[in-house]
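The values are calculated or read from the model by the stated rules, or taken from the named source; none is laboratory data. Just so we're clear, the structure is a prediction, and the values are computed from it rather than from any experiment. We place every Cβ from the backbone using ideal geometry, glycine too, and count neighbours over all the protein chains shown.
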Number of protein chains: 2
Amino acid sequence: MNGVRVAVVGVTGAVGQTTLRILEERKFPVRELRAFASERSVGKTVTFQGERVRVEKVAPGAFTGVDIAFFSAGSAQSREYAPQAVKAGAVVVDKSSAFRMDPTVPLVVPEINAHAVKGHRGIVACPNCTTIVTVMPLKPLHDAGRLRRVIATSFQAVSGAGVNGVEELRSQTLAWARGEALTPKYFLHQIAFNVIPHIDTFGESGYTGEEMKLVHEVRKILELPDLAVSPTTVRVPVFTAHSIAVNAETASKVSAASAREAFARFPGLRLWDDPADNRYPMPVAVEGQDDCFVGRIREDLSLANGLNFWVVGDQLRKGAALNGVQIAELLIR
Amino acid sequence: MNGVRVAVVGVTGAVGQTTLRILEERKFPVRELRAFASERSVGKTVTFQGERVRVEKVAPGAFTGVDIAFFSAGSAQSREYAPQAVKAGAVVVDKSSAFRMDPTVPLVVPEINAHAVKGHRGIVACPNCTTIVTVMPLKPLHDAGRLRRVIATSFQAVSGAGVNGVEELRSQTLAWARGEALTPKYFLHQIAFNVIPHIDTFGESGYTGEEMKLVHEVRKILELPDLAVSPTTVRVPVFTAHSIAVNAETASKVSAASAREAFARFPGLRLWDDPADNRYPMPVAVEGQDDCFVGRIREDLSLANGLNFWVVGDQLRKGAALNGVQIAELLIR
């Protein structure tokens, strides 16, 4: 019995589609693929390894015989169907926020805390896209100088809001080109030629859900429950990759040169930091790439043990689908 | 002899044009207007108070009889012609970076340090656009709790790069709508659907000129020569208004409620901070407005005396032309 029986729930979405492509690219040993989506996609097909696979609705018994189920259909769907998949014997790799902060569920970025996968009880959670891109350079920096405080300001692409977000930027921009009015439909405000400092819903402290995810998830992944994190998350009119400006304070001084070395050595992270050549990461250059890219590394002028840097990652790849497939690779190892 | 004889140098540029509009709007007592620009604009006309004014080149004797000369033609032009204008008896309001850090030249944001104008020796400098928008809320916050450290991350509109920057975003976006390739001409990299963490040239410490302007100018305006400032400046595909995410540390605690009161009371600053109503400042809402708008005010989760907020200002108005006209109003008072 060679190979893994895989299910993808939310297969028609941006993350679901990217998951199929990454399973192919990385030659994940898929023996059988089951493709699940919502009612309105039933009857459609998706393409996997050159073959057409019919899209099904999740029904009783849907997960029978499935080894690994990737969930990227949203939190409500994960809450409803993931326990069902676990009961049927599958391990769930969940891209939603449903179980991330559950203390019995590992929250995993394989380059950082692969060991945490071992303790799973049927579900392994994949962090929020902005968390993943931000935490990738924080890990080697913590190992170099022990993190004390992180101030993160994000520039998030519309793909983070799914296919609807991408369509909204596209259609508003085309309307602008035709000289027509730009009407917000999916986002609360115009996104073309604008920036919106509001992602997810507001909580009582004035922080958004997206901002609090960054705080709690970074702490859990790094196993630093008391790490001081100050987040600001902003939507920008970019299609795919997320950028984050990070100011980090460490217990011991990490020079810009040492940070560059530490970043360059870290798997999944690449250094683009050559001001003389106008080279630094940007969304259009990083889109479609698996690694996260870090640049603009400079010592903080305002604090002895401070460091500023800029990290960019494709939110559909390392920020979502790739990280999920990497977790699955750990599971079958 | 009623009224002021005014010259505008760089009259055909975005800031020059906006200066004319603001002189009209604020009924600045212009008795005579002289319009200067580079060789290639000579012979064109500009409209002021319903009349056409011929554009001239700066020639010997150009500033004879001029009371106030607004300069927005770039640093090289200011360096060359401003001393000539001063010699001819004019007071120069300079929008370029040429004289900002000259200790004999006041650097003025009228709501903050109007008193500094008094010491001028013929030139009053207007700060960088990002500095102005950032420093507006910093002043009332400093008065409330004494500033210790400021971490500022900017989202800067293309208008900050002048007419060429605006044209580049426009033409790249139209090319995208036609399905054509996007070729950078003015910016170093594609600006449509991208963000570029690089404005002005890089210095030795890894910071850009734009970032160091923010550090030095904020210190000079607030008269806090040792204030700790950590800057990151980023160009975003927005046409006109600049946004800045600010994390500020104060010597004594300033609650979110106190900060809101202090911001709301400060002239030139307006509060848009109502998460329940999805209300916060954004570039498309602030474009064309004179005031700077502040929102997303929340206490820092990572530091007892920390505060996060988000400020947006029209870079052509308060960020440039309006601030210049306000300085001129101080000069004629």
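Regarding the stretch B:154-164, can at least one residue be identified that is more than 20 Å from B:Thr240 (Cα to Cα) and either surrounded by fewer than 22 Cβ atoms within 10 Å (Cβ to Cβ) or aliphatic (A, V, I, L, M) (or both)?
no
Looking at the stretch B:188-223, which of the residues that are assigned to a loop (DSSP other than H, G, I, E, B) and among the hydroxyl-bearing types (Ser, Thr, Tyr) is farthest from B:Val158 (Cα to Cα)?
B:Ser205
Across the stretch A:234-254, which residue is farthest from the other protein chains (Cβ to nearest Cβ) among those that are assigned to a strand (DSSP E or B) and of a type outside the set (A, V, I, L, M, F, W, C)?
A:Thr250
Conditions (1) closer than 27 Å to B:Arg148 by Cα; (2) more than 21 Å from the chain's Cα centre (by Cα); (3) in contact (Cβ under 8 Å) with a residue 12 or more places away in the chain, marked per residue:
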site	(1), (2), (3)
B:Pro237	no, no, yes
B:Val246	yes, no, yes
B:Thr250	yes, yes, yes
B:Ala256	yes, yes, yes
B:Phe266	yes, no, yes
B:Arg270	yes, no, yes
B:Asp277	no, yes, no
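Count, please, the residues in the stretch B:116-139 that happen to be in a helix (DSSP H, G or I) and surrounded by fewer than 23 Cβ atoms within 10 Å (Cβ to Cβ).
5
Give the stretch A:214-233 a look and list any residue that's facing another protein chain (nearest Cβ under 8 Å) and either out of contact with any Leu (no Cβ under 7 Å at 6 or more places or on another chain) or at pLDDT below 95 (or both), or say none.
The one that is facing another protein chain (nearest Cβ under 8 Å) and either out of contact with any Leu (no Cβ under 7 Å at 6 or more places or on another chain) or at pLDDT below 95 (or both): A:Thr232.
Every residue in the stretch B:254-296 that is aromatic (Phe, Trp, Tyr) and more than 23 Å from A:Pro237 (Cα to Cα), please.
Scanning the stretch B:254-296 gives B:Phe263, B:Phe266.
Looking at B:Arg170 and the list (1) surrounded by fewer than 16 Cβ atoms within 10 Å (Cβ to Cβ); (2) outside any loop (DSSP other than H, G, I, E, B), which single condition is not satisfied?
Checking B:Arg170 against (1) surrounded by fewer than 16 Cβ atoms within 10 Å (Cβ to Cβ); (2) outside any loop (DSSP other than H, G, I, E, B), the one that fails is (1).
Within the stretch A:119-141, does at least one residue satisfy the condition of being more than 30 Å from B:Glu249 (Cα to Cα), charged (D, E, K, R), in the same structural domain as A:Phe63 (by TED's automatic domain parsing) and in contact (Cβ under 8 Å) with a residue 12 or more places away in the chain?
Yes, the stretch A:119-141 has at least one match.
Conditions (1) buried (at least 24 other Cβ atoms within 10 Å of the Cβ); (2) within 14 Å of another protein chain (Cβ to nearest Cβ), marked per residue:
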site	(1), (2)
B:Ala256	no, yes
B:Arg260	no, yes
B:Leu269	no, no
B:Asp273	no, yes
B:Val286	yes, yes
B:Asp290	no, no
B:Val294	yes, yes
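Which condition from (1) assigned by TED's automatic domain parsing to the domain that holds B:Ala241; (2) within 29 Å of B:Arg148 (Cβ to Cβ) is the one that B:Gly288 breaks?
(2)
Inspect all residues belonging to the stretch B:38-53 and state whether any of them is assigned by TED's automatic domain parsing to the domain that holds B:Ser96, of a type in the set (A, V, I, L, M, F, W, C) and under 18 Å from B:Ser96 (Cβ atoms).
Within the stretch B:38-53, not a single residue is assigned by TED's automatic domain parsing to the domain that holds B:Ser96, of a type in the set (A, V, I, L, M, F, W, C) and under 18 Å from B:Ser96 (Cβ atoms).
When you check A:Leu301 against the structure, is it touching a helix residue (DSSP H, G or I) at 6+ places or on another chain (Cβ under 8 Å) and in contact (Cβ under 8 Å) with a residue 24 or more places away in the chain, yes or no?
The answer is no for A:Leu301.
Mind checking which residues of the stretch B:150-168 are closer than 17 Å to B:Pro231 by Cβ and away from chain A (no Cβ under 13 Å)?
B:Gly160
Consider the stretch A:178-213. How many of its residues are more than 9 Å from every other protein chain (Cβ to nearest Cβ), over 24 Å from the mean Cα position of the chain (by Cα) and hydrophobic (A, V, I, L, M, F, W, C)?
1
Does the stretch A:67-80 contain at least one residue that is crowded, with 18+ Cβ neighbours inside 10 Å, in contact with a Lys or Arg (Cβ under 9 Å, 6 or more places away or on another chain) and among the polar types (S, T, N, Q)?
yes
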